[in-house]
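Engineer: Once you've had a glance at the structure underneath, I'll fire off some questions.
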Amino acid sequence: MEMINAIGRRKASVARVYLTKGEGNIKVNGKDYKDYFPQIHIQTAITEPFNTVSLESNLYDLKINVDGGGFKGQAEAARMGISRALVKLNADFRKPLKDKKLLTRDARQVERKKYGKPKARKSFQFSKR
């Protein structure tokens, strides 16, 4: 196994994940993932695919390039990319990852603002008289 790559997307974020044999380093945009995502609940989203398939994350190195969106969308895009890379690594991992919906693309996007309204659906206060 040389390198496995996969792409994950969420909202406006795109994550390119590169999985190689190593000692468990997870780099996001050149930084350690704990420095890039300082919130603990976001850090657990990154390691969730490894916990789901009960695979030790210290066997593989991950290099993740994320672009666009906010930190939560980036983390969920990275989670999806890691899940897809693990499925390429071993096809038996597909069922537990699919059961936890880690391979499903969350297609919800921000709705565009319409003219004549302050936001996408919000209206100005209505006055009958």
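Engineer: To the nearest 10 square angstrom, how much accessible area does Lys88 have with a 1.4 angstrom probe?
Structural biologist: 130
Engineer: Comparing Ser13, Ser83, Ser54, which has the greatest mean-square fluctuation in the GNM of the chain with Cα pairs linked when under 10 Å apart?
Structural biologist: So, out of Ser13, Ser83, Ser54, the one fluctuating most is Ser54.
Engineer: Oh, and also: Who wins for biggest fluctuation among Ala77, Ala15, Ala107 in a Gaussian network model of the chain, springs between alpha carbons below 10 Å?
Structural biologist: Ala107
Engineer: Moving on. Pop out the ³J(HN,Hα) list for segment 116-129 in order, Karplus 6.51 cos²θ - 1.76 cosθ + 1.60 with θ = phi - 60°, rounded to Hz; leave Gly and Pro as x.
Structural biologist: x, 9, x, 9, 5, 10, 5, 10, 6, 4, 8, 10, 5, 10
Engineer: Considering only C-alpha atoms, what is the centroid distance from segment 59-129 to segment 1-36, in Å?
Structural biologist: About 16 Å separates the Cα centre of segment 59-129 from the one of segment 1-36.
Engineer: Loop only by DSSP, 15 or fewer other Cβ within 10 Å of the Cβ. Give me the GluC sites (Glu not before Pro) in segment 1-102 that pass, ordered by residue number.
Structural biologist: When the GluC sites (Glu not before Pro) of segment 1-102 are filtered for loop state and at most 15 Cβ neighbours within 10 Å, Glu2, Glu23, Glu56 remain.
Engineer: Please give the helix 71-89 orientation as an angle from the longest Cα principal axis of the chain, in degrees from 0 to 90, rounded to the nearest 10.
Structural biologist: On a 0 to 90 degree scale, this one is about 40.
Engineer: Also: Between Ser13 and residues 5 or more places away or on another chain, which pairs have amide H atoms under 5 Å apart, with H built 1.01 Å from N, and which residues are they?
Structural biologist: Residues meeting the criterion, in which the H sits 1.01 Å from N, do not exist here.
Engineer: Under the rule of at least 5 residues apart or a separate chain, name every residue whose amide H is placed under 5 Å from the amide H of Ile26.
Structural biologist: Tyr33, Leu62
Engineer: Then there's this: Just from its helices, what would the mean residue ellipticity at 222 nm be for the chain, if runs of 4 or more DSSP H residues each count -39500 (n - 2.57) and the sum is divided by every residue, rounded to the nearest 500 deg cm²/dmol?
Structural biologist: On the way: 4 runs with 42 residues, N = 129.
Here the helix-only value at 222 nm equals -9500 deg cm²/dmol.
Engineer: How large is the Kirkwood hydrodynamic radius of the chain, in angstrom, based on all distinct alpha carbon pairs?
Structural biologist: Radius from the Kirkwood sum: 15.9 Å.
Engineer: For the chain, modelled as a Gaussian network with Cα springs under 10 Å, which listed residue fluctuates most, Asn25, Asn58, Asn90?
Structural biologist: Asn90
Engineer: Hey, another quick one. Tell me the per residue accessible area of the chain using a 1.4 Å probe; a whole number in Å² is fine. Walk me through the numbers on the way to the answer.
Structural biologist: Numbers: 8470 Å² over 129 residues.
Solvent-accessible surface per residue comes out at 66 Å².
Engineer: Shifting gears a bit: Tell me, what HN-Hα J-couplings in whole Hz come from the Karplus equation 6.51 cos²θ - 1.76 cosθ + 1.60 at θ = phi - 60° for each residue of segment 90-102, using x for Gly and Pro?
Structural biologist: Using θ = phi - 60°, the values come out as 8, 5, 6, 6, 4, 4, x, 5, 6, 5, 8, 6, 8 Hz.
Engineer: Follow-up. Counting only C-alpha contacts under 8 Å and six or more residues apart, can you give the relative contact order of the chain as a whole percent? Please report the intermediate quantities before stating the final value.
Structural biologist: Numbers: 222 pairs, mean separation 40.5, N = 129.
Answer for the chain is 31 percent.
Engineer: Now a separate question. Within the set Lys11/Lys72; Lys101/Lys122; Lys21/Lys98, which residue pairs have Cα atoms separated by over 21 Å?
Structural biologist: Pairs exceeding the cut-off: Lys101/Lys122; Lys21/Lys98.
Engineer: Keeping all protein chains in place and using 1.4 angstrom, which order do Tyr33, Tyr18 fall into by accessible surface area, from largest down?
Structural biologist: Largest accessible area first, the residues go Tyr18, Tyr33.
Engineer: Here is a follow-up. Mind giving me the nanometre distance, one decimal, between the label points for Lys114 and Met3, set 7 Å out from Cα along Cα→Cβ?
Structural biologist: About 4.7 nm, to one decimal.
Engineer: Summarise the accessible area of the chain (1.4 Å probe, protein heavy atoms) by the percent that is carbon and sulfur.
Structural biologist: 51
The values are calculated or read from the model by the stated rules, or taken from the named source; none is laboratory data. The shown structure was predicted, so the numbers you read here are calculated from the model rather than taken from an experiment. Note: ideal-geometry Cβ built from the backbone for every residue, glycine included; neighbour counts use all protein chains shown. Quick note on the areas: whole protein, heavy atoms, side chains included, nothing else; ligands and nucleic acids left out. Shrake-Rupley method; radii C 1.70, N 1.55, O 1.52, S 1.80 Å.
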